[in-house]
2 protein chains.
Amino acid sequence: MAAIASLQIKTPTQSTPLPKTFKTHFRLQSISYKHNPTRNLTRKPTRISCGLIEPDGGKVVNLVVPEFERDLKKREAMDLLKIKVSRIDLEWIHVLSEGWASPLTGFMRESEFLQTLHFNSLWLGDGSVVNMSVPIVLDIDDAQKERISGSGSTSVALIDGSDNPVAILNNIEIYKHNKEERIARTWGTTAPGLPYAEEAITGAGDWLIGGDLEVIQPIKYHDGLDHYRLSPSELREEFEKRNADAVFAFQLRNPVHNGHALLMTDTRRRLLQMGYKNPVLLLHPLGGFTKADDVPLSWRMKQHQKVLEDGVLDPENTVVSIFPSPMHYAGPTEVQWHAKARINAGANFYIVGRDPAGMGHPVEKRDLYNADHGKKVLSMAPGLERLNILPFKVAAYDRTQQKMEFFDPSRAQDFLFISGTKMRTLAKNRENPPDGFMCPGGWEVLVEYYDSLAANEAGRVPEPIPA
Amino acid sequence: MAAIASLQIKTPTQSTPLPKTFKTHFRLQSISYKHNPTRNLTRKPTRISCGLIEPDGGKVVNLVVPEFERDLKKREAMDLLKIKVSRIDLEWIHVLSEGWASPLTGFMRESEFLQTLHFNSLWLGDGSVVNMSVPIVLDIDDAQKERISGSGSTSVALIDGSDNPVAILNNIEIYKHNKEERIARTWGTTAPGLPYAEEAITGAGDWLIGGDLEVIQPIKYHDGLDHYRLSPSELREEFEKRNADAVFAFQLRNPVHNGHALLMTDTRRRLLQMGYKNPVLLLHPLGGFTKADDVPLSWRMKQHQKVLEDGVLDPENTVVSIFPSPMHYAGPTEVQWHAKARINAGANFYIVGRDPAGMGHPVEKRDLYNADHGKKVLSMAPGLERLNILPFKVAAYDRTQQKMEFFDPSRAQDFLFISGTKMRTLAKNRENPPDGFMCPGGWEVLVEYYDSLAANEAGRVPEPIPA
């Protein structure tokens with residue numbers, strides 16, 4: 001699979017040399033050797049005419065039942081034993097239903113869970129390997145296990161907080177949920193205070209239930225943002241409609257400043273230089289669970305909208321969409337998931353930042369992960385050989401030009417680094433950042449958000465604004 | 001590599017069907033598909049005449065400098081900055097020097113360390129993957145790092161407790177030793193009390209130093225057991241001398257009882273039934289660091305010797321040797337290392353026990369690992385596709401036959417399970433186990449060991465006996 005698929009990566013027609021600062025995934029080239037061991041690395045691969053990068057497992061999984069069957073499935077669900085799912089569970093059902101985790105067809109069974117924990121990848125029956133670094137699992141408690149095992153049924157219904165049937169889980173397998181081991185192997189720590197673990201694991205049941213999902217209807221949140229939530233198949237359609245011959249994905253969960261914008265426009269410029277005719281940017285904010293002190297999705301989307309309106313990014317070659325996954329903050333482990341999911345949505349280039357999916361250690365005064373490990377692990381990850389990894393170039397505020405510019409160490413004194421903390425402090429205090437740091441419309445949204453936060457005496461978790 | 005190597009697994013000439021209870025590695029067959037996609041799984045592969053299973057990376061690494069260069073290298077080492085190594089470090093140098101960890105050529109650099117922690121495997125330049133599940137690393141402290149970095153040298157000397165130069169580490173790379181992350185990802189817990197972590201990690205330096213080893217002379221322990229310490233190359237020679245057409249490895253760190261012996265003789269019987277002409281057993285006790293309450297190596301070797309003298313195992317087709325690795329007690333992660341190292345020594349069948357390399361949770365009252373995970377993870381591990389995994393069949397004392405027999409659930413009441421704890425209690429109390437549990441000579445060694453332990457008022461860690 002990997003061998004075939006690697007042939008389908010778009011390669012440039014022109015022989016413009018790859019700029020030195022523009023590192024591509026080193027294993028892309030190793031793999032090429034397998035096809036033609038005599039080929040010299042400096043020779044340009046020949047163009048292979050084809051569509052977007054192939055999804056993991058060969059096709060984008062779709063677990064939503066066809067419209068004509070939905071009533072039937074709903075009735076079927078009503079007759080089954082029911083498991084009430086949490087908001088995060090629902091987000092995972094969403095992720096699975098649309099094939100972000102292709103070729104997974106439901107919550108992991110033990111074999112998939114173990115491969116994820118130990119190898120960050122799944123072995124497919126045909127001998128190929130796909131990346132899978134975070135467990136996508138559903139927990140149940142002792143009483144639920146008893147009832148399900150006792151019933152002898154091989155299916156259960158999953159219902160939401162209002163008791164509406166969401167999905168049927170078929171051919172179920174129940175196995176032990178070793179929470180400590182799951183946390184240790186996913187995060188590389190078991191320190192208390194990991195946001196996802198506190199929210200979804202520590203208090204969870206001692207069993208996991210895997211199986212194949214039939215999702216009764218597309219998952220919607222009715223928060224005014226559903227139109228931003230394009231599925232991998234819808235995104236692929238969009239890229240094809242736009243005749244994209246390269247798709248570069250930018251994962252984010254923070255407001256966009258002009259340093260980000262510079263990076264994105266620069267990436268497009270370089271892809272054009274490489275010979276691509278129409279590289280399209282997938283600006284892909286994460287929409288699922290985030291920790292309490294992150295800017296909520298609704299505010300972020302409002303901010304991104306302003307940035308686009310301001311013309312900082314060109315709507316012609318930019319697709320803004322929401323990635324429905326919850327956030328683990330699991331650094332080098334999670335960045336693989338972020339990249340893999342974007343392959344399934346058609347992206348063949350992935351921009352990786354400094355310390356991706358990282359955070360401060362919950363107990364010790366240090367970053368949880370080495371800031372370079374995300375990039376390094378991503379470049380070595382099984383199943384991601386086909387993806388071109390683009391390391392984030394550091395941008396900072398250039399005082400001489402009064403705009404965000406790529407950092408030039410030869411004139412370090414000219415640059416001002418504005419950290420996330422600094423940015424938040426400025427916005428909270430209604431102060432302005434230096435001109436050219438962020439478009440004024442975008443900055444206003446941030447100030448407005450922190451105002452709303454201050455107004456909310458309860459403090460840390462404001463209600464999302466209606467978009 | 002994996003593709004080529006899988007062709008070299010010995011396949012039986014006769015078409016005796018594989019007994020149902022004798023599970024082979026399911027991926028062996030998946031891989032075959034890659035070579036010939038039309039081949040039906042039920043068809044017998046044709047015999048390919050060849051030698052033993054190919055070592056990882058194509059050849060067994062040998063890092064011991066040739067005899068004529070040793071004086072030169074010793075002098076060279078004397079002029080370098082020196083790092084004093086611990087007993088466990090020395091055991092790893094031994095392991096590396098003889099190629100148990102082929103294709104590793106020294107202590108891991110960061111890239112290998114990260115691949116080990118995240119993927120339990122290493123990607124080779126030619127596109128193939130080898131298994132590597134436990135970090136083989138050397139720590140240094142801040143002061144050592146300062147000195148080495150300050151010197152600008154690319155090599156350091158490693159010296160033993162008596163200041164003798166042991167090896168030179170070349171092309172060094174120094175990187176951060178995140179102990180918490182290393183422990184969490186290797187053991188799936190960070191609970192205090194993990195024997196290897198307490199011994200070799202918790203108090204270790206905050207930096208790791210990787211590089212290529214030149215080992216000045218073969219590592220010897222002068223404990224009367226060195227003649228048992230055959231290198232992978234020496235074992236391969238031995239198997240070839242014996243005309244072995246299958247080698248099945250049995251890793252152990254406990255006394256051998258007749259249940260083990262039954263398993264080993266039964267395995268040979270089944271391999272013969274499959275068509276192999278001369279399957280040879282590699283009885284391969286682990287010889288490096290073990291926890292305080294394990295029976296020390298010298299006593300175990302004495303016990304194994306008695307078992308062989310007693311005729312329980314046939315010396316004609318049994319090779320007893322010591323595996324020099326230290327023990328991690330890291331369950332499913334470590335069992336992969338145990339299996340992989342045996343490939344390098346020529347074994348193409350590996351017997352895996354219940355809860356291999358497992359132990360009690362150091363803090364909670366439960367086993368640290370699910371007893372089945374070792375077997376499952378091993379069967380899915382990248383880089384081990386070529387190895388045939390033989391799950392341990394449970395043997396227990398059959399009261400009706402007064403001997404160890406494979407457990408038959410249809411007459412469960414006839415069987416007596418004698419746990420390790422029970423065995424130790426009997427030996428400590430100088431009581432005899434039921435007839436047929438262990439050969440009398442072997443049992444006497446155990447009783448003698450526990451007597452010596454009782455005599456030692458200090459208690460838990462007796463001096464090893466001279467063998």
May I ask you to verify whether B:G193 is surrounded by fewer than 22 Cβ atoms within 10 Å (Cβ to Cβ), within 18 Å of B:M327 (Cβ to Cβ) and small (G, A, S)? yes
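How many of the residues in the range A:429-445 are charged (D, E, K, R) and either under 18 Å from A:E405 (Cα atoms) or in contact with a His (Cβ under 6 Å, 6 or more places away or on another chain) (or both)?
Taking the range A:429-445 and keeping what is charged (D, E, K, R), we get A:430-431, A:435, A:444.
The next check asks that each one be either under 18 Å from A:E405 (Cα atoms) or in contact with a His (Cβ under 6 Å, 6 or more places away or on another chain) (or both); those that pass are A:435.
Result for the range A:429-445: 1.
Results for (1) more than 18 Å from A:A261 (Cβ to Cβ); (2) of a type in the set (A, V, I, L, M, F, W, C); (3) surrounded by 12 or more Cβ atoms within 10 Å (Cβ to Cβ), shown as yes or no for each residue.
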site: A:T421; (1), (2), (3): yes, no, no
site: A:K428; (1), (2), (3): yes, no, yes
site: A:V445; (1), (2), (3): no, yes, yes
site: A:E448; (1), (2), (3): yes, no, yes
site: A:L453; (1), (2), (3): yes, yes, yes
If you go through A:P362, A:P356, the only one that is within 21 Å of A:Y196 (Cα to Cα) and touching a helix residue (DSSP H, G or I) at 6+ places or on another chain (Cβ under 7 Å) is A:P356
Given A:A371, A:A339, A:A396, A:A381, which one is assigned by TED's automatic domain parsing to the domain that holds A:N278, under 20 Å from A:G288 (Cβ atoms) and either under 13 Å from the mean Cα position of the chain (by Cα) or of a type outside the set (S, T, N, Q) (or both)? A:A339
Can you tell me which condition B:M301 does not meet? The list is (1) without any contact (Cβ under 8 Å) to a residue 60 or more places away in the chain; (2) in contact with a Leu (Cβ under 7 Å, 6 or more places away or on another chain), and all the others hold. (1)
Going through (1) charged (D, E, K, R); (2) closer than 19 Å to B:N171 by Cβ; (3) within 10 Å of chain A (Cβ to nearest Cβ) one by one, B:D126 fails only at (2)
Within the range A:157-210, residues part of a helix (DSSP H, G or I), within 14 Å of another protein chain (Cβ to nearest Cβ) and not hydrophobic (A, V, I, L, M, F, W, C) come out as A:K179, A:E180, A:E181, A:R182, A:R185, A:T186
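One line per residue, one yes/no per condition, for (1) modelled with pLDDT of 95 or more; (2) within 14 Å of chain B (Cβ to nearest Cβ); (3) out of contact with any helix residue (DSSP H, G or I) (no Cβ under 8 Å at 6 or more places or on another chain):
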| residue | (1), (2), (3) |
| --- | --- |
| A:P37 | no, yes, yes |
| A:I53 | yes, no, no |
| A:D79 | yes, no, yes |
| A:K82 | yes, no, yes |
| A:E91 | yes, no, yes |
| A:T105 | yes, no, no |
| A:H118 | yes, yes, no |
| A:I136 | yes, no, no |
| A:S149 | yes, no, yes |
Criterion violated by B:A357 - all others in (1) touching a strand residue (DSSP E or B) at 6+ places or on another chain (Cβ under 9 Å); (2) under 18 Å from B:I136 (Cα atoms); (3) in contact (Cβ under 8 Å) with a residue 60 or more places away in the chain satisfied: (3)
B:R47 fails exactly one of (1) closer than 25 Å to B:F239 by Cα; (2) modelled with pLDDT of 95 or more; (3) among the basic types (K, R), namely (2)
Given (1) away from chain B (no Cβ under 14 Å); (2) in contact (Cβ under 8 Å) with a residue 24 or more places away in the chain, index of the condition A:R75 fails: (2)
Selection count where residues are in contact (Cβ under 8 Å) with a residue 60 or more places away in the chain, surrounded by fewer than 21 Cβ atoms within 10 Å (Cβ to Cβ) and either of a type in the set (G, A, S) or part of a loop (DSSP other than H, G, I, E, B) (or both), scope the range A:262-287: 1
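Please find, among B:G331, B:G311, the residue that is crowded, with 23+ Cβ neighbours inside 10 Å and not aromatic (F, W, Y). Spell out the reasoning first.
Working: B:G311 fails: crowded, with 23+ Cβ neighbours inside 10 Å.
Result: B:G331 is the single residue among B:G331, B:G311 that is crowded, with 23+ Cβ neighbours inside 10 Å and not aromatic (F, W, Y).
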Of all residues in the range B:305-344 being in contact with a Gly (Cβ under 9 Å, 6 or more places away or on another chain) and charged (D, E, K, R), the one that is nearest to B:L390 (Cα to Cα): B:K340
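Among the residues of the range B:99-134, write down those that are part of a helix (DSSP H, G or I) and not hydrophobic (A, V, I, L, M, F, W, C). Walk me through how you get there before you give the answer.
Residues of the range B:99-134 part of a helix (DSSP H, G or I): B:110-119.
Those that are part of a helix (DSSP H, G or I) and not hydrophobic (A, V, I, L, M, F, W, C): B:E110, B:S111, B:E112, B:Q115, B:T116, B:H118.
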Looking at the range A:361-372, can you tell me whether even one residue there is farther than 21 Å from B:K179 by Cα and either surrounded by fewer than 22 Cβ atoms within 10 Å (Cβ to Cβ) or touching a His at 6+ places or on another chain (Cβ under 6 Å) (or both)? no
Subset of the range A:226-261, residues farther than 14 Å from A:F323 by Cα, among the charged types (D, E, K, R) and free of Cβ contacts under 8 Å to residues at least 40 places away in the same chain, comes to A:E237, A:K241
Only one of these conditions is not met by A:K145: (1) surrounded by 22 or more Cβ atoms within 10 Å (Cβ to Cβ); (2) more than 14 Å from chain B (Cβ to nearest Cβ); (3) in a helix (DSSP H, G or I). Which number is it? (1)
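The values are calculated or read from the model by the stated rules, or taken from the named source; none is laboratory data. Bear in mind the structure is a predicted one, so any value in this text is a computation, not a measurement. Note that each Cβ is placed from the backbone with ideal geometry, even for glycine, and that neighbours are counted across all protein chains shown.
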